[in-house]
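Student: Okay, here's the structure, questions in a sec.
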Amino acid sequence: MKHFFKLSFIFFSTFSSISPIFAQHEEAFVIYNAKGKKVSYKKLQKVALEKEFVFFGEHHDNPIAHWLEFELLKALYTKHGLNLQVGFEMFEQDQQDILNFYLEGKMDAKKFEDSCRLWPNYKTDYKPLLDFAKENKINCTATNVPRKYASLLFKKGRTALDTISSNEKSFMVPLNFKIDSTLSQYAVLKEMEQHMGGKNMLEAQALKDATMAHFILLNKKSNGIFYHINGAYHSDFYQGILWYILQSKPDATIATISTVTQDSIYSLEKEHVGKADFILCVPESMTRTH
């Protein structure tokens, strides 16, 4: 009995001495609403499930964002089934046929990966989403403009796109698309143009945003729920893609999510307040996927 009490004392003394270490561990993320108030993932999910458009603005190398994208995809599918559609900034419109072949089982994974211009983190971050869609027969859209055309516009201006074929033009928004340079996100790019050169930086960004909005609206079913994965900059503050969506469909019901990183995640920094309906706040020290 004395031996038992001695061991118990040693155990509890040891545990007491190390428990502060466990008590001080960092959380992997905190979610805030647009006003900077902490909310649960369940709240985010509940709101997203009721909207016809859901935009998840990620940091492309952030593992927490990719994990929650996948969790939200599963929840959206559970509720909406085949009414759910998914769009990806990471796939360009001229690759839509290849994407369809893979999703329909007409092309194996190796051939698909050899045929597509894949992002370096495809296997860890986007393949799980795509394979879930493939397994469950969810319609997917490659929404982005082919990068070579965005690059052409950046280097030579919008008129340079007049020289490409009508087939090539079908991979992007009609070229008379408007740009509101007073939007705060675009105003920052305009200022960068003035300091860094590259006078078409804003137009190249707008071409991507307008193209993604164009193919989201073009492909969305009337009763469909469209879940779009994109870099946070493309949907922050309801600008970028969202501005173009709302020009065509002002009554759209939308939920937006943005990703931010901070040294401390226990209060949302002022600059991030209002970026989205929900702000996923992740420690700056979080491991990157690439």
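The values are calculated or read from the model by the stated rules, or taken from the named source; none is laboratory data. In this text, all values refer to a predicted model and were calculated from it rather than measured experimentally. Quick reminder, even Gly has a Cβ in these numbers, built from the backbone with ideal geometry, and neighbours come from all protein chains shown.
Student: Exactly one of (1) within 22 Å of Leu118 (Cβ to Cβ); (2) in a strand (DSSP E or B) is unmet by Phe226. Its number?
Tutor: It is condition (1) that Phe226 fails.
Student: Somewhere in segment 219-226, is a residue modelled with pLDDT of 95 or more, within 15 Å of Val173 (Cα to Cα) and under 14 Å from the mean Cα position of the chain (by Cα)?
Tutor: no
Student: Something else now. Listed residues Leu76, Leu118; which is over 19 Å from Thr259 (Cα atoms), crowded, with 16+ Cβ neighbours inside 10 Å and touching a residue at least 60 places away in the same chain (Cβ under 8 Å)?
Tutor: Within the list Leu76, Leu118, the selection yields Leu76.
Student: Looking at (1) of a type in the set (Lys, Arg); (2) modelled with pLDDT under 95; (3) surrounded by 14 or more Cβ atoms within 10 Å (Cβ to Cβ), which is the one condition that is false for Lys169?
Tutor: Among (1) of a type in the set (Lys, Arg); (2) modelled with pLDDT under 95; (3) surrounded by 14 or more Cβ atoms within 10 Å (Cβ to Cβ), Lys169 violates only (2).
Student: For segment 88-128, give me the residue count where each residue is closer than 24 Å to Phe53 by Cβ and of a type in the set (Ser, Thr, Tyr).
Tutor: 1
Student: Right, something else. Within segment 172-205, restricting attention to residues that are within 28 Å of Asn219 (Cα to Cα) and of a type in the set (Gly, Ala, Ser), which residue is surrounded by the most Cβ atoms within 10 Å (Cβ to Cβ)? Write out each step before concluding.
Tutor: Narrowing segment 172-205 to residues within 28 Å of Asn219 (Cα to Cα): 172-181, 183, 185-186, 201-205.
Cutting the leftovers down to of a type in the set (Gly, Ala, Ser) gives us 181, 204.
Numbers: Ser181: 11, Ala204: 21.
Looking at residues that are within 28 Å of Asn219 (Cα to Cα) and of a type in the set (Gly, Ala, Ser), I get Ala204.
Student: Six or more apart or on different chains, Cβ atoms under 6 Å: show the pairs whose first residue is in segment 30-52 and on the phi > 0 side of the Ramachandran plot and whose second is surrounded by 17 or more Cβ atoms within 10 Å (Cβ to Cβ) and at pLDDT 95 or above.
Tutor: Qualifying pairs under 6 Å: Gly36/Leu268.
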